[in-house]
Amino acid sequence: MGRRLHWLSSSSFDEVRHSIISKGPEIERLDLIENTFYYGTVSTLVFQGRDDGPLVQTIDHGAGVSFRLESTSTVRVLVPTAPLELVQAGQQTELQQDRAVFLPSDEFSGMARKGRFVVLRLQDAAVAEAMRTFETEENFLTSLSMAGGDQALPGLAQLTRHLQVMVAMADKEPGQILDSEQFWLAQEQLLTLRAAQILAARSRSDRRPKVSRNAETLRRTVDFIHAHSDGHIDLMALAEQAGLSLRSLQIMFRREFDSTIMQYIQRHRLTVARTLLEQARPDQTITSIARAAGFPHLSDFGRVYREMYGETPSETLRRYRPYGRPYR
């Protein structure tokens, strides 16, 4: 039965590192890059109840880390909510926050700031088999190699939302559905199909990740949104800053993120709000957290938060002690 098999909450980086590497044997190196107080948590959900089966790992680092990973055929999808850089074959890629990405199958290294990272690991044989559903003749490993590090692939936005909602559900108190083996089997199969569909679509395309004017414009626009999401963002001014018409910018966001600009802004604000709730100090209230995340109206915040995560902000807050330590 799929369930949280292990939860580690520790101020020892060695303990956290061991927990992460035990589920990721291809991790060659994982080190702190900041000489500061460290506190981290690792939560692991294993779908089939086996340590070597598909799993989702949620990692909260209280300080920046560097890492190096060896080549592997395991399908790994990462959703970062903090700045993260990948370096492969001398090429550096800065990943966008709150958007899934297939990790490269070849060896790579990188650095990550403190924050939350969700990692989905799927069995390569299951994904390769599922790819046949989408009528592709491309070799599985070739498709995985081409997809690694590319956050512009169609379907990644839906995969991101699926993972975020599933993790939020698993974090809640067990219920009749969450205790059901059929529920977790369905989740595993659906995530496998989503990954296979994305890889199959990538294999049918001749394009490889390219640095273009549009890509740079999108990166600057997203960076501006992340830096100013706690206040009002004027869409016309945003488009003018990007050097595009509002319609062109909307088309770009729909193509890259499967959402409108406002939907993207709202999802980012909700991600920020959830992080703040999980790390709330004793003197912080839901109202102050909502405003800090960019929601001036508490009623609107509560409604969209529940739609996104399947629980109310107060339910999230109650499950966490100050500084992100969960109530057990």
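Quick one: grab the alpha carbon gyration tensor of the chain, order the square roots of its eigenvalues as a ≥ b ≥ c, and give me rounded if a/c is under 1.5, else prolate or oblate depending on whether a/b is larger than b/c. Working shown, then result.
Details: a/c = 1.36, a/b = 1.03, b/c = 1.32.
Cα axes put the chain in the rounded bin.
Given only helices, namely DSSP H runs of n ≥ 4 each adding -39500 (n - 2.57), what is the per-residue ellipticity at 222 nm of the chain, to the nearest 500 deg cm²/dmol? Present the calculation step by step, with values, prior to reporting the outcome.
Values: 12 runs with 146 residues, N = 328.
Helix-only estimate at 222 nm: -14000 deg cm²/dmol.
Starting from the Cα gyration tensor of the range 2-120, take the square roots of the eigenvalues, sort them a ≥ b ≥ c, and report rounded, prolate or oblate (rounded when a/c is under 1.5, otherwise prolate if a/b is larger than b/c, else oblate). Could you put the intermediate results ahead of the total?
On the way: a/c = 1.57, a/b = 1.10, b/c = 1.42.
Because a/c hits 1.5 or more and a/b fails to exceed b/c, the range 2-120 counts as oblate.
Tell me, what is the FRET efficiency for D14 and R319 to the nearest 0.05, using R0 = 30 angstrom and their Cβ-Cβ distance as r? Walk me through the intermediate numbers first.
Numbers: r = 26 Å, r/R0 = 0.88.
With R0 = 30 Å, the Cβ-Cβ based efficiency is 0.70.
Need the full-extension length gain, E107 to S248, defined as separation in residues times 0.36 nm minus the C-alpha distance. One decimal, nm. Write down the numbers at each step before the final one.
Working: separation 141, 0.36 × 141 = 50.76 nm, distance 3.70 nm.
Stretched out fully, the E107 to S248 stretch lengthens by 47.1 nm.
For the range 213-278, what number results from the quotient of the Cα radius of gyration and 2.2 N^0.38 Å?
Taking N as the residue count of the range 213-278, the ratio is 1.10.
What is the sum of charges around S71, taking Lys and Arg as +1, Asp and Glu as -1, for the other residues whose C-beta is under 14 Å from the C-beta of S71?
Working: positive: R68, R76; negative: E26, E28, E70, D106, E107, D124.
That works out to -4.
Treating the beta-carbon of each Lys and Arg as +1 and of each Asp and Glu as -1, no other charges, what is the dipole magnitude of the range 213-324 about its Cα centre, to the nearest 20 debye? Don't skip to the answer; put the middle values down first.
Values: 16 positive and 13 negative charges, 37 e Å.
My answer is approximately 180 debye.
Would you work out if the range 52-128 is rounded, prolate or oblate? Take a ≥ b ≥ c from the square roots of the eigenvalues of the alpha-carbon gyration tensor; rounded if a/c is under 1.5, else prolate when a/b is larger than b/c, oblate otherwise.
Working: a/c = 1.92, a/b = 1.27, b/c = 1.51.
Cα axes put the range 52-128 in the oblate bin.
Starting from the exponent 0.38 and prefactor 2.2 Å, build the expected Rg for the range 213-324 from its residue count and divide its actual Cα Rg by it.
Details: Rg = 15.5 Å, N = 112, 2.2 N^0.38 = 13.2 Å.
My calculation over the Cα atoms of the range 213-324 gives 1.17.
Given R₀ = 41 Å, FRET efficiency for F224-N139 by Cβ-Cβ distance, to 0.05?
In this case the efficiency is close to 0.55.
Working out 0.36 nm times the residue gap between V165 and A186, then minus their Cα-Cα distance, what length gain in nm do you get to one decimal? Before the final figure, lay out the partial values.
On the way: separation 21, 0.36 × 21 = 7.56 nm, distance 1.44 nm.
Stretched out fully, the V165 to A186 stretch lengthens by 6.1 nm.
Quote the FRET efficiency, to the nearest 0.05, computed for E34 versus Q92 with a Förster distance R0 of 25 Å and r equal to the Cβ-Cβ distance. Working shown, then result.
Working: r = 20 Å, r/R0 = 0.79.
E(calc), rounded to 0.05, equals 0.80.
With unit charges on the beta carbon (Lys/Arg positive, Asp/Glu negative), name the residue among T36, S73, S248 whose Cα is farthest towards the positive pole of the charge dipole of the chain.
Sorting the options by dipole projection puts first S248.
Bear in mind that the values in this text are calculations on the coordinates, not laboratory data. Note that the coordinates shown come from a computational prediction; the quantities given were computed from them, not determined experimentally. Ideal geometry is used to build each Cβ from the backbone, glycine not excepted, and the neighbour counts take in all protein chains shown.
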